[in-house]
Each structure stands twice: as structure tokens, then as C-alpha cells.
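Beneath this line is the structure, given in C-alpha cells, with notes to follow.
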Amino acid sequence: MNRRDFLKILGAGTAATSSLAAPLARAERAPRVVIVGGGVGGATTAKYLKLYAPHVNVTIIEPKREYQRPYGSSEVITGQIELEDIVISYDDLKTRHGIEFVHDTVEAIDFEAKQVRTAGGQRLGYDRLVVSPGVSFDFEAIDGLTAELAETRLPHAWDAGDQLLVLKEQLESLPENPTVVIGPPPNPYRCPPGPYERAGLIAQWLLDRGDTQARVVILDPKNGFTTDYTMLHAWNDLYDFNIPEPARSKYSDEEWAQLTVHDNPGPIEWVMGDMGGRILSVDAETMTVEAEAGTFQADLINIIPPLKAGRIAIDQDLADDSGWCPVDQRTFESTRHADVHVIGDACIAGAMPKSGYAANSQAKVLAIQLKALLAGNDPVEPVFQNTCYALAGNTEVGMFVADVFRMDGDTIARVDEQRYLPFDATEAEYRLAALYQHNWMKAFTEDCFS
Amino acid sequence: MTRRLIRGATLALATGGAVAALPLHAETTTATDPRGLMAAQTCAGCHGTKGYIEDSAYVPLAGMPRERFITAMESFADGSRPSTLMGPLARAFTDEEIAAMADYFEAQPKERARAIDPASDQTTGQALDPEEN
Ligand SMILES: Cc1cc2nc3c(=O)[nH]c(=O)nc-3n(C[C@H](O)[C@H](O)[C@H](O)COP(=O)(O)OP(=O)(O)OC[C@H]3O[C@@H](n4cnc5c(N)ncnc54)[C@H](O)[C@@H]3O)c2cc1C
């Protein structure tokens, strides 16, 4: 049975009981949109829906009283900013935009009754439900990793919160010239340039401390990452980093010839997937990491486990076997349950990455689509954007990926060609990208939350 | 920064190559064009909601005269105006979208957007209504 048939049956089933009541109810009460999760996707949907369709009743269900932004949070570890700098108040959404908040955790969704139930026992009915719960972590995928250890010895620090402080403290108490192992997750994951930016920040931090013999080893299951073309080049320059031979195909022959081979390479080593970078197990007692390439003894281990959609999406049957949520990519309506829309990191959105900018862009499109759908109109043809800035490590050297997306059939596809800083970018351009990166944190936060 | 990142002296932004700028047809769009809203809202993640932003390295777009917006986007696209990422972004929008965005931003007040009066859809202006037109 395809989705259309399913909807027909569903429609036929409810028509008899609601045909009389529906027009009356519609005239009497404002449409209700309930949003699960007050992160980037949820907050932006709520704000823009209120801007575009103020008559709609919008409620966010979110356990946290204040949001902590994951974007730009690695700088907490290396001390450029404090934890309090990533805390965002919900006051503007509440008072300026008239969005209702229920500070609670959604435990179950009744798709038939169109109701959600919270841990605190509240039931909230909806006409349309938006689910933007972010990510959860698949600790079982790596032997020796557990949720408990992530709070203590082996923090991933990939969802803001106190793990950032644990990692910061571990960094600050490292012995001289330590070995740090960073384990980026396999695709897909939130913030594709993020693990590499973090590696750069930590390398710079150690160099600034005077550790000339430190090692920052990236054990990677992958052979590439968004912004690799710029990041590897910048590291080659800043950190005497030798770009591994298997990465040669990322550059033209002419470009490759301009890169430096360092006799005394600096701290960063990138063990690519093809070089055996995939991590098999970790031992928090002995502080060793077993990868396909061999055993690595480390003083600090920052493994980011494979990611999946937020728990609630998995528990409530919104995710498929991949661990992520399939949706109609024009409207973000779940292909598994009608009248429920999934956006942000949790959804499968074609070529769009799992980033804050993408979640924000999807949320605005969703606000337009919800307004249309609630009024019984057809959805609108969407346009999306993603701009992610990243730092090389040195916080004055920035880079970016910038993409525009449109529908290609039923899938969101990237339409631009050039997307990174060019190979021969000037120092001023790297500096400008870093300046924009720092300004973006405030500008973007305001667009989502103020 | 202690080390030079520069390898070649080539001017980077010329690399985009000249993309033929097609004439923009102002008559075909209005401030209520839904394409304007759809495209313009993608800018807000940096340039602020409805183009309103304060104290930022990003240029505010709210209230910008339409010709200025169009000229900026055209010159980002053909590389004649240097940029970091505006070149690739400008090249990815159609002329019609750029004209519609220009109309949209010109119509926006130079102050913060809010849903002041939830009782009335009018407060956010017809220009914002994706169902208009
Ligand atoms: C180190 C790092 C750096 C990053 N840098 C960038 C960057 O530079 N640019 C960029 O664009 N992106 C960046 N990101 C990615 C960005 O933070 C995420 O993509 C974005 O937050 C995703 O938004 P979301 O709404 O899907 O999830 P989130 O923002 O994580 O929000 C999910 C919310 O849902 C709530 N929730 C979960 N379950 C429930 C439930 N059952 N009931 C109620 N509420 C629930 C959670 O409490 C949370 O507040 C970075 C991420 C990291 C980790």
C-alpha cells in the first residue's frame, strides 16, 4: 500500500464521524501546530510560522528551559568562548512572537488521535505536528563506548551541554606533548566540517601552549569531508600538515604541485578510511584506540559515535532502517505518518547536510508549506540554502561551504557549482571568512530565536 | 596569523568566470511574488530576519533600494565585485528570483520583524503572504 492509498483509507475512516463537526470546528478555533524540540529547526519553524500566519496556535514542547547551541560549541573546549556564551534564552520566542512553551519531554505520539503525550502526563492535540529532535548517538557501534563513558572519560561533546566542559578540563590537564585522538563519525552526521575544525582548534591550542611535539591524530572512517579541499590546504600551510597521498585526487596536478611536503610534519595526522582510519574499539582504562590501521595510545580521546535521528523519532516509528526519517522533501511530511513533519538533523533531505543553516532553511520552507496546507492549498516550490563556516584552528583563518538547493524530481539537489574558497584564495579572504564565521553565530541565533 | 596562506598571486575572485548577466525584467515581479519570499528567506540565516540586522559584518538588506540589490547580485555573480561566498550563491539564483528578492527586501521596514498583532494576518503585510499572487 502506498502512502496515497493509506491516506485515502485514513480519510474515509474519519470522514463519517467528522464531516459535520469539521467545518464548525475550523471556523471556531485556530489551527494548532505542535512542535517537538526547541532547537534550531523547531524554534525557526515556530517563529516563521508566527510571522507568516499569526492566527496559527504554535506550541513548542522542549524539556530545557534554555537552549545550548551545538553550532560553534567547539570553541568552548579551547576557551575562545565560555559555556554561558552558547546559552540561548527562549524569552523572545515567548514574548515577542507569542509562542507557547511546554517545558517537558514528548514520550509518545498518537497518530490516530493526533495527540502527543509528555513525560509529565500532558496531552496536546495538533492539526499538524513538527518533529525536530536533533540527533542521538549509536554508542553500540564502537566496542568499549557507552553513554555513561561519554559523560566521563570519553565525551563526544557533539550536542553541547556539560560534555564540553569535561572535554575542556581533559584538554587543560593534558601532559606536555600529548597524543590526542579524534574520531569523526561516518556519514551522515551533523556538521560535516565540525570534527576537523575541532582537530584544528585543539592543534592550535597545543601549539599556543608550547607543545611542539604534540600529536592530533584523526582516525576517520571516511576519505573526505565537506570543506576538505580548503581545510587540508590551510593545514598544509599553518601546521606543516602533510596531505595523505590518497587525498591527492581532491586537487588538480597543478594545485598538488603547489602544496608542501614537510620533512618535519606538525601535530595533525589524518588517517583516512582507505588508510585504515576506521575505529573498531576503544578502551577507556588503558586509553587505547583500536583502528584498522593499528593501536593508538592516547592521552585524550574524542570519538564522535555514529549518529541517528533523535530518540523520539526512532521510538515513534518516524525513522526507517537507516536511523533517519524519510519525508516528502517538498513539505517534510513524514512518509510513514500523515500530518507529521520532520525537519533538521533527524530528516532525510536529499543533498542537504545536517547543519544548523540547513535546519533553519528547512524550517522556513516548512512554515510556508504549513500555512498553505492548513488553508487547504497546494505546497509551494521550495528553495533552500546552506552556508557553513569553519575555522582552520587558528581562529583568524576561516573557510566555508555555500550551497543553494532545489527540487530535482522528488529529491532536494544542490544547484551551485563552486562552493568553497578557491585554491588561490588570498590571506584576506581566509581572514574575511573567519570574521564572517564569528559574526554568523549572533546573526544566525537571532534569526532562529529572536 | 603567522604564516602566509597565499600560494599564487592570482586574484582569486576572477576564477568564477564571467557568467553572462541576462537582463532582469522588473515588470515580471512584484513585492508580493511568492518566489521573492521563498528565495529571500534563505538569506536571513546571515543577513537577519526579513533582512533586518544590527551591529554585524553582514549588510542589512531590509529597505535596500531594488536596483542596488540587483546590481550587487549581478556583480557578485560575474565576479566584478569581490566576495567570499556571495559569488557562488548569486550565481545559483535565477534573474527572476533576484528581481523578486530585490522587490521583497525593498519593501521591508528597516526594523525588527515581529508578529505584533496575532489577531490579524495584515500585520506581517501581504508582501509576506506566500498565497498572494
Ligand atoms: C561542534 C558543532 C559545531 C557546529 N557548527 C555548526 C555551524 O557552524 N553551522 C551550522 O549550520 N551548524 C553547525 N552545527 C550543527 C547544528 O548545531 C545542528 O545541525 C542543529 O542544531 C540541528 O537542529 P535540530 O533542530 O535538528 O536539532 P537541535 O538543535 O539539536 O534541537 C533539538 C531539540 O529537540 C529537543 N528534544 C529532543 N527530544 C525531545 C523530546 N522527546 N521532546 C521534546 N524535545 C525534545 C532537544 O532538547 C533539543 O533542544 C554544529 C554542531 C556541532 C556539534
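The values are calculated or read from the model by the stated rules, or taken from the named source; none is laboratory data. Here the structure is a predicted model, which is why all the values come from computation and not from measurement. Counting neighbours? That spans all protein chains shown, and the Cβs are built from the backbone with ideal geometry, glycine included. Accessible surface is based on the protein model in full, side chains and every heavy atom, while ligands, DNA and RNA are left aside. Shrake-Rupley method; radii C 1.70, N 1.55, O 1.52, S 1.80 Å.
At a glance:
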read-out	value
Calculated P(r) tail over 43 Å for chain A, as whole % of Cα pairs	17 percent
Angstrom value of the Kirkwood radius, inverse mean 1/r, which spans all Cα pairs in segment A:139-305	16.2 Å
Area accessible to solvent at A:Glu396, 1.4 Å probe radius, in Å²	80 Å²
Nearest-10 value in Å² for the accessible area of A:Arg96, using the 1.4 Å probe	60 Å²
Percent carbon-and-sulfur accessible area, segment A:139-305, ignoring ligands, DNA and RNA, probe 1.4 Å	45 percent
5 angstrom amide H check on A:Glu269, placed H, neighbours 5+ away	A:Val216, A:Val217, A:Ile218
Proximal lysines relative to A:Lys250, as straight alpha-carbon distance under 30 Å, when same-chain residues fewer than 8 apart are discounted	A:Lys222, A:Lys308, A:Lys354
Cβ-defined net charge surrounding A:Val40, 14 Å radius [Lys, Arg +1; Asp, Glu -1]	+1
Net lengthening on full extension, A:Glu176/A:Glu254 (0.36 nm per residue, minus Cα-Cα)	24.2 nm
Accessible area, probe 1.4 Å, largest first, for residues A:Cys347, A:Cys191	A:Cys191, A:Cys347
Of all accessible heavy-atom area on segment A:385-450, the percent that carbon and sulfur account for (1.4 Å)	49 percent
Measure of compaction for segment B:34-117 (Cα Rg per 2.2 N^0.38 Å)	1.04
Cα centroid of segment B:46-108 to Cα centroid of segment A:278-339, whole Å	37 Å
Inter-centroid distance (Cα atoms) of segment A:165-202 relative to segment A:32-84, Å	25 Å
Accessible area (Å², 1.4 Å probe, nearest 10) - A:Asp320	50 Å²
The protein assembly as shown - accessible surface per residue (Å², probe 1.4 Å)	40 Å²
Cα gyration tensor shape of segment A:360-450, rounded if a/c is under 1.5, else prolate or oblate by comparing a/b with b/c	oblate
Whole-number D in µm²/s for segment A:220-378 (Stokes-Einstein; Kirkwood sum over Cα pairs; 20 °C, 1.002 mPa s)	112 µm²/s
Loss of accessible area when A meets B, both sides summed, Å² nearest 100, probe 1.4 Å	5200 Å²
Normalised convex hull volume, segment A:87-154, alpha-carbon set, Å³ per residue	152 Å³
Theoretical gain in end-to-end length, A:Asp339 to A:Glu285 [0.36 nm per residue, Cα-Cα removed]	14.6 nm
